[in-house]
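Visitor: Input: one structure, supplied below.
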Amino acid sequence: MNTVKNNKGLLLQTPFLETLRTDNVPVSVYLVNGIKLQGQIEAYDQYIILLKNMVTQMVYKHAISTIVPSRPVPLQAATI
């Protein structure tokens, strides 16, 4: 879906989000204003995450503070 770009932030972000998406890991997404959203990551791009629960919500990444998986998520080593 997404390719790892030369941007160092994407070297960690992309494999993390992709693992959450492909493994259908339930997540809690905390926004910068303190609101907690829950669901599964359906898709993502450079600017947004689609979070699916009862409905699909489009959440802008700049509004996200923290993403907490419901279980440990193994990450593939990214070459920096």
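Visitor: Can you tell me which residues in the stretch 1-45 are part of a loop (DSSP other than H, G, I, E, B) and modelled with pLDDT under 95?
Guide: Met1, Asn2, Thr3, Val4, Lys5, Asn6, Asn7
Visitor: If you don't mind, another one. Please enumerate the residues belonging to the stretch 24-57 that are of a type in the set (Asp, Glu) and more than 19 Å from Pro72 (Cα to Cα).
Guide: Correct list: Asp45 only.
The values are calculated or read from the model by the stated rules, or taken from the named source; none is laboratory data. None of the values given here were measured: they were computed from a predicted structure.
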